[in-house]
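Notes for the one structure printed next.
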Amino acid sequence: MTPGGVLPALVLLPLAGAAIVALVPAAVRRWTGGAFAVATSAMAVLLAIALAASGDGAAAELALGGWDAPLGITLRADGVSLVFLLLTAVIGLAVSTVAVASDAMSGGPRFWPLWLGLWAGLNGVFVSGDLFNMFVMLELVTLAAVSLVGLGGRGSAAAALRYLFVGVVGSLLFLLAVALVYAETGVLDLLLAADSMPGGIVLVTVLALTVVGMGAKMALFPLHSWLPVAHPAAPAAVSAALSALVIKAAVFVLWRVWFAVKDDSAAVAVLGIAAGAAGAAAVIWGSVMALRARRLKRIIAYSTVAQVGYFAMVLDLAGDGSGLGDGAGPGWVGGVTLVLAHGLAKAAMFLAAGNLALAYGSDRLDGLRGAVSRMPGTVAALAVAGVSLAGLPPTFGFVAKWQLLVSAIEAEAWWWAAVLALGGLLAFGYTAAMIRATFNAPGEEAPAPQHRTPVALAAVPLVLAIASVVLGVFSSGLIALIGEYTLIGGGA
């Protein structure tokens, strides 16, 4: 099979799974959904193998129906797409495993059709070659994610509604950007549009609309207020998917459009610095709010607000090293690596927090005393994932933030270096506060959890946390691959 032949299956397989799972009896829904989850993950791995075997670098393309762009719809996957697809496959499998093990973690049988629909939308965003299909897939992601938040029971409807409102506003802004690109170039294919898009006020407007629209969807400060409400309100497995994957769809679109069509004008440079400044504010604000929070899921949600800031800083830190020049620089490599590190760490943290909340009846810090003795594996997963978010060695998060730090130093942008250092210190602080809450007083017997939870609920986040360390220790080869093959525009 050619790499291009795999691309439709990445979208159609989970979409078919969503339809089938919705029709089968609720009693067998989790197993049917789990089977489709395994098959969808396998498709992403198959694409990676096909790309490696093709010898064409990290790029695959398929014109649907044989109609080439600009008349037809093109599916396209380069190295950047492959990174996001593989992350989705790994986290998707982890979330599905937890959902099969416990309805309480997923929100019940209604989770499966929505989850597989969300997965189809995510894969669709990552392989869309034209801007309008990217928009359509983003809408599928938003609608499925909002519906999944609504599975969280009492209080989740209001959070889902706020998320829907912000998501729709972000979509409309991006649709306006797409319309401007089409009006200016006459094409919707991103690569063709990038080749013919002239500089000037329209280009700056397109980029500004994309930054604000995707900023709303990824909860970039000050458009973040929906996230600390929506993520904690959702079931734990949904929270993990939202934080590790859904915001990555907006990050992907932002990076893809920005680095494909930007020019070297002063206005674009100022816009990039402004986005980076919003990211720096997010790092500080989200971290401080995480330190003040007293519930696990709320701390982790504010941590997501903080970490999103680094993705916005990449717009300035990556510079010309995004692959438009001779190769990827440390800013771009650090950003792509951070996507992987953040996905692994955030999924591990939310799944561990969900397991603790299920066992102790609440995720309040003052109710978790003794958890480190009773549930050491789960607490260890929470701690290791937090260390990765803080960017401390030997984790994968350290590798990502080291690359960003090198980029800041090379550019003599010391303010970004200061934000990276302060953000890491604050992340270590709120991680320490979470872990400290699980200790009991000296001489006191650790209170027993109220409920026993399935072994899988402890094993899955622990495996993800261990993966953060393993990838950090053996990162040199992976960093080289990211630098060589994750270039915007189609591989090496």
Next on the checklist: Quick check on this structure: which one of SER373, SER287 is open to solvent by 10 Å² or more (accessible area, probe 1.4 Å), over 19 Å from ALA94 (Cβ atoms), part of a helix (DSSP H, G or I) and of a type in the set (S, T, N, Q)?
Outcome noted: SER373
Checklist entry - Looking only at residues in segment 250-270 that are small (Gly, Ala, Ser) and at pLDDT below 95, which one is least open to solvent (accessible area, probe 1.4 Å)? => result ALA260
Item to check | Enumeration of residues in segment 16-44 that are buried (at least 20 other Cβ atoms within 10 Å of the Cβ) and within 17 Å of MET137 (Cβ to Cβ) | outcome: GLY17, ALA18, THR40, MET43, ALA44
Item to check | Pairs where the first residue, in segment 375-397, is at positive phi and the second is of a type outside the set (Lys, Arg) and assigned to a helix (DSSP H, G or I), C-beta under 6 Å, 6+ apart | outcome: GLY391/GLY397; GLY391/PHE398; GLY391/GLY424
Next on the checklist: Need the failing condition index for TRP332 against (1) assigned to a helix (DSSP H, G or I); (2) farther than 15 Å from PRO461 by Cβ; (3) open to solvent by 10 Å² or more (accessible area, probe 1.4 Å); (4) of a type outside the set (Lys, Arg), just the number.
Outcome noted: (3)
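Give the residue, chosen from ILE273, ILE247, ILE299, that is in contact with a helix residue (DSSP H, G or I) (Cβ under 7 Å, 6 or more places away or on another chain) and open to solvent by 10 Å² or more (accessible area, probe 1.4 Å). Quick ask: steps written out before the conclusion?
Working: ILE247 fails: open to solvent by 10 Å² or more (accessible area, probe 1.4 Å); ILE299 fails: open to solvent by 10 Å² or more (accessible area, probe 1.4 Å).
Only one candidate passes the filter, namely ILE273.
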Next on the checklist: Among the residues in segment 185-199, are any within 30 Å of LYS297 (Cβ to Cβ), buried (at least 18 other Cβ atoms within 10 Å of the Cβ) and polar (S, T, N, Q)?
Outcome noted: no
Checklist entry - For segment 76-92, does any single residue satisfy the condition of being more than 20 Å from the chain's Cα centre (by Cα) and open to solvent by 50 Å² or more (accessible area, probe 1.4 Å)? => result no
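The values are calculated or read from the model by the stated rules, or taken from the named source; none is laboratory data. This is a predicted model, so every value here is computed, not measured. Glycine gets a Cβ as well: all are built from the backbone with ideal geometry, and neighbour counts include every protein chain shown. Just so you know, the surface numbers come from the protein's heavy atoms only, side chains and all, with ligands and any DNA or RNA stripped out. Shrake-Rupley method; radii C 1.70, N 1.55, O 1.52, S 1.80 Å.
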